[in-house]
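First the structure, in the form of structure tokens, and then the observations on it.
Readers should treat all values here as calculations from the given coordinates under stated rules, not as data from a laboratory. As the structure is a computational prediction, the values presented were derived from the model and not from experiment. Here Cβ is always computed from backbone atoms with ideal geometry, including for glycine, and neighbour counts include all displayed protein chains.
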Amino acid sequence: MAKLICLLMLVMLLPAWAQQSEQQPQQAITPEQVEQALQEHGFALLNDLPTKNQIPLFDNRFRVDNNVEEITLLLFRKRGSASAVLVRPDGSKIHFNTAEAQQVRWHDASSYDLIQIKNPMPGPWQAIGRLLPESRIMLLTEIRLQVDPLPANLMVGETVKISARLTNGDEPITAKDFNEVLALEVIFVSTNNAQYDNFGRGVVQVAQFRDDGKGYDERARDGVFTGEFQLRFVAGEWTPKYIVRTPLYTREVQQAPVVLKPAPIIADITASPAVPEDKPQQQAIPHQVLFKVTDASVNADSVLLQGRVRYPNGEVESFSLNEPGSAPRELKLHNRGHGSYILEVSAYGTMQDGREFMLNLPEVSFVVNRPVAEAPVLQELPQHVKDEIAKENAPPEPEFPWLLVILANLVILGGGGVAIWLVMTDRKFADLMFWRKKPVAPPSTAKPAATAAATDKNAPNAQKNNDMDDILDLTLPDD
């Protein structure tokens, strides 16, 4: 049905198309009715489409026929100007800030508006704004993302080149002045197979490419993404995925799982001891590194190695091992003393099936410890050395008891002072015991005469009153 509508529009609008044929349209989008097909071979985005899939924009006006399921508008405008305004055939308007409420997807950028409308109202539409003549209105079309499959025998550290193509049917899709919308992202997802080392590793972001002619991309706006990336992650079973993103769409292509093998070349290191500092005349023995091919799927005769070594003193030296044969490649390194030796090695070769490869081996490093100088052994020590050792081992002499002497002198001085005080004051030693109670003197028995006479007269009564006393007066009167 869509093709029939396009043919009718082609006949009706042939003059306008002739005027626009020299201009390259910008982008295309993925239809909903091919949703299942998109999961297999990609998604649509806005690009240069054949004329039959476009509605020309004449004087900022265009017409939508009946039964059109979806249109996408790519409206280029002067940079910094306000977003365009769409006017429906019934006169109602669609603004950027009201698009979501009207079920219209609208991406507003500084120099363009990207608008998607499903089931648009048939009739004449109008776009109001400072639009440029390269603006386009595109119908639903079939866009495919095709990615070359990866080799089956991948290795950790290998550099892989991929090519992905965006096509509309058999025609390549280009995107002039709209490159920031087109991006191809490469990710690897772990299959979570417990038999491999990458179990539970999740997702690895590998690379992102654009069709802009920069980096590893061969030509700009040719509809082909070309790039290289290194497999610098854990060996195991991974699922490669390729995602193309635009402001309105995100679709992906998933390929069959691949097995990433460990690096097929290992380094066997034989480190030599460093020359002692006290023996500079001793000849240094070089260090030896043997590179061995451990994977039978690699043609050992074709392996070439090159790289560089960083010595402990900071010196960097390049090396190359391109001897023919399947024997291990031997590399001799200068002995620059104690410290760390770091090797960065790249390998080039061919697999047994004829596929060529290039990979960076994991960093090779080893440490040479600093030599320890041994103390000289003497048959017999000199006498003065023995005397010094004896003095050092002799028990320490006891210290003079200064504290005891001081305390004794204080006691003597204190005792002498007390004795002199007793003699000078005519006191007894018991007077120093101030905490004891002094004896109380008994009351005096002498009485005045009048008191005595009264006492004599009243003696019987006094005796009666003192019956309860403990002490009785038993003396006889003088009569």
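Take the stretch 209-335, drop everything but the C-alpha atoms, weight them equally and run the Debye formula without solvent; then report log10 I(q)/I(0) at 0.14, 0.19, 0.20 Å⁻¹ to two decimals.
-0.91, -1.16, -1.20
For the stretch 69-117, just the Cα atoms, rotate onto the principal axes and tell me the three extents in Å, largest first.
Sorted largest first, the three principal extents are 29, 20, 18 Å.
Would you grab the residues whose amide H sits under 5 Å from the one on Phe225? Only those 5+ places off in sequence or on another chain, please, with H modelled 1.01 Å from N.
When sequence neighbours closer than 5 places are left aside, the close amide H contacts are Ala164, Arg165, Leu166.
Using mean Cβ contacts within 10 Å as the protection proxy, how do 201-207, 126-132 order, highest first?
Listed from highest to lowest mean packing, they are 126-132, 201-207.
Between Phe199 and Arg61, what is 0.36 nm times their sequence separation minus the Cα-Cα distance? Round to one decimal in nm.
Extra length from Phe199 to Arg61 when fully extended: 44.0 nm.
Taking H placed 1.01 Å from N in the peptide plane, check which residues at least 5 places from Val345 or on another chain put their amide H under 5 Å from its amide H.
HN-HN under 5 Å from Val345: Leu361, Val364.
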